[in-house]
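The values are calculated or read from the model by the stated rules, or taken from the named source; none is laboratory data. Computed from a predicted model, the values in this text were never measured in an experiment. Here the Cβ positions follow ideal geometry from the backbone for every residue, glycine too, while neighbour counts run over all protein chains shown. When the accessible area is computed, the model is the full protein with side chains, heavy atoms only, and any ligands, DNA or RNA have been set aside. Shrake-Rupley method; radii C 1.70, N 1.55, O 1.52, S 1.80 Å.
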Amino acid sequence: MKKVVAVTGSMTSAAHTAMAAEALEATADMLGYDIRVERRGPSGTSDLLSEGEIRNADVVILATDQPDDQGRFRGKTIHRATPGEAIRHTAKLLRDAVGDKGIGPVAELAPRRSVQPDSLPPREERRVAAVQAPAPAAPAALPSEPTLPAAAPAAKRIVAVTSCPTGIAHTFMAAEALTKAARALGHEIRVETQGSVGSGNTLTPAEIDAADIVIIAADTNVALDRFRHKRIYSTSTGKALKGGKQVVAAAFDEASALDAGAAAEPGTGRNLAGEVERLKAERSAQRTGPYKHLMTGVSYTIPVVVAGGLAIALSFMFGIDAAKEPGSLAAALMQIGGQSAFALMVPVLSGFIAFSIADRPGLAPGLIGGMLANQIGAGFLGGLASGFLAGYIALYLRNWIRLPQNLEGLKPVLIIPLLASVAVGLLMIYVVGTPIAAVLSALTGWLSGMTSANAVLLGLLLGGMMAVDMGGPVNKSAYTFAVGLLASEAYLPMAAVMAAGMTPPLGLALATVIAKNRFTRDERDAGKAAAVLGLSFITEGAIPFAAKDPLRVIPPGIAGSAVAGGLSMLFGCMLRAPHGGVFVLGIPNAVTNVGLYALAIAAGTLVTTVLVIVMKRPVAAETALEAGAS
């Protein structure tokens, strides 16, 4: 085995010194070379090469822009390069230095079925044989390569995610090391890089489903929700860099399921909450385009709005005007909810819409655009506009701007945030902000002064929308509209939307009690859980029933929700908290006309229940009809 010693050094950058050293170490390991690297950064020298290591080396690589004492390398073959070449063209540098001209590129070291060792020169024959062995014991001449466990099976599918705090070097170097290691062991692999300029090579749901194992090589938090029910092995980028083969082998031995207790497919019966989560996850995976980006922004906004709305509601416990008393607890709660949380609502909505479109580079311009929307008076409509503007501008800049490799790190932290923020800010101030503010002002004025007939019509419309797809795009559009108006102190739509969102699961739960012969035993059990979800304003509690029998469940749900929403608007009920279900009704002054509001919910629930009972056939008759048709 070739022995290599190297020196990496940059006079101005300790990071480039370390990156070049780690690239050489990781790539040499994949190529089968024994390497020792000395680092000479601006702050001094580390890992100094010994005289014995230099004496035993076959070649010396000097990847440095600093002067070096060449006397200690007298009589050795020296190959010179820059730190940048060692980072970007590591494999070529090592092959040229060692003289391995015959072997293919590192990315091609995976076994190919069309290659026959008998047709190759001796050097290539030995190399292919070494690579094709799925898990051989290390020969005596390779003390640095431990014996790989025989348990690592061949021809497996691996998906991986790499991410480091800065997302500039280690993310991509770890991805390359894992790719080379997996291919060398005969496995298929796809690696997603979560770098500072966003996600690269994003894994698809199909790839995740087909994978036998998931490797997370990250020094930052990586969301694992999409890998639920998969065996996951977590490690650091450093370990992936220095021992890719060992990481792959260890993954097969030590990986564990993220949620082993929920591996079984939940049914509609006793585990309704699990079924709801599964169906919601399927819907999320199917979201694409602007709707996906909007829902991402809404999902991050809801916790901020809920916390702020409930804080405001709690301040009303002390009296409707108690917050006007300086220094009081009511004033503090109003400051937390109204002046802080609600002030963040539009920036968070805008920021995470942009984040969904352009990943991390879109977050800063999105947040800044949302703050400008608040200041201009454009409200949540301005936040929607600034979020999409910021996201697509940042995405364009990310794809359009091309920099040298050693300057790529400036794009996500300086160039894209600056240019995108200035562009979005100017557009909001001089172009779109003022017209949107005028539209929002007109909408708010219309809601404040609308007649009873118009209020009922709006309530019927919003209520029906809440039950059309029960947590889908139409439902979320109605909810987003109502939540956005809270910042403009328009509370009527929020009350109508929450009442309408509660009635589908409540009506189905009541139907399972009154007309047991219309439901299977599992569905009757699910009805109990649906009641709790409905009381909590989780419309998705009705999804499993609707998925099984949509034509007999969705129309009654729409009718009941429309009645609840229309009555809520007719009664003039206002809701200052954007979530919480019946549990916010006990907070004084959180809901106006509490008794009439409860009546609206009850009326909508009864309408849904009656229509479900009328439209659904008894289970025995349904079974007999299906048997006759078959």
Next item on the list: Have a look at Thr82, Ser43, Met19 and report the one farthest towards the positive end of the charge dipole of region 3-98, computed about the Cα centre with Cβ charges (Lys/Arg +1, Asp/Glu -1).
Entry: Thr82
Margin query: When a/c reaches 1.5 or more, the comparison of a/b and b/c decides; with that in mind, is region 3-98 rounded, prolate or oblate per its Cα gyration tensor?
Written below: oblate
Note to self: Before I look further, what does region 452-615 give for accessible area per residue, probe 1.4 Å, in whole square angstrom?
What the structure shows: 34 Å²
Check: Hey, can you rank 34-42, 489-497 by average C-beta count inside 10 Å, highest first?
Finding: 489-497, 34-42
Notebook entry, point to check: Mind checking the dipole of region 452-615: about its Cα centre, +1 per Lys or Arg Cβ, -1 per Asp or Glu Cβ, Debye to the nearest 20?
Noted result: 280 debye
Next item on the list: Starting from the Cα of Asp522, step 7 Å along the direction of its Cβ; do the same at Tyr300; then give the gap between the two resulting points in nm.
Entry: 3.8 nm
Note to self: For region 442-469 and region 492-539, what is the centre-to-centre distance using only Cα atoms, to the nearest Å?
What the structure shows: 24 Å
Item checked: Förster-model FRET efficiency, 56 Å R0, Asp47 and Leu418, C-beta, rounded to 0.05 -> 0.90
Margin query: Take Leu403 and Glu325, extend 7 Å from each Cα along the Cα→Cβ direction, and tell me the distance between the two endpoints in nm.
Written below: 5.6 nm
Item checked: Charge sum, other residues only, whose C-beta stays under 11 Å from Glu192's C-beta, Lys/Arg counted +1 and Asp/Glu -1 -> +1
Item checked: Solvent exposure of region 290-443 as accessible area per residue, Å², 1.4 Å probe -> 45 Å²
Next item on the list: Enumerate the amide H contacts of Ala257 below 5 Å, restricted to partners 5 or more residues apart or on another chain; note that Pro and chain-start residues carry no placed amide H.
Entry: Ile232
Check: Arg157 to Gln375: FRET efficiency via 1/(1 + (r/R0)^6), r the Cβ-Cβ distance, R0 41 Å, to the nearest 0.05?
Finding: 0.20
Notebook entry, point to check: For region 328-405, which whole percent of the accessible surface, found with a 1.4 angstrom probe, sits on carbon and sulfur atoms?
Noted result: 68 percent
Item checked: Neighbour net charge for Val532 - beta-carbon separation under 13 angstrom, K R +1, D E -1 -> -1
Notebook entry, point to check: What whole number of Å gives the distance from the Cα centroid of region 579-621 to the Cα centroid of region 12-86?
Noted result: 73 Å
Item checked: HN-Hα J in Hz across region 232-241 - Karplus 6.51, -1.76, 1.60, θ = phi - 60°, x for Gly and Pro -> 10, 10, 10, 8, 9, 5, x, 5, 5, 5
Checklist line | Greater than 32 Å apart at Cα, pairs in Lys3/Lys239; Lys230/Lys476; Lys180/Lys292; Lys156/Lys528 | finding: Lys180/Lys292; Lys156/Lys528
Margin query: Let me make sure I get this right: for region 424-514, a, b and c are the square roots of the gyration tensor eigenvalues over alpha carbons, sorted descending. Under 1.5 in a/c it's rounded, otherwise prolate if a/b > b/c, else oblate. Which is it?
Written below: prolate
Note to self: Could you give each residue of region 52-59 its phi-based ³J(HN,Hα) in whole Hz, using Karplus coefficients 6.51, -1.76, 1.60 with θ = phi - 60°, and x for Gly or Pro?
What the structure shows: x, 5, 5, 4, 8, 6, 7, 8
Notebook entry, point to check: At Ala602 and Ala257, where each label point lies 7 Å from the Cα along Cα→Cβ, what is the point-to-point distance in nanometres?
Noted result: 4.5 nm
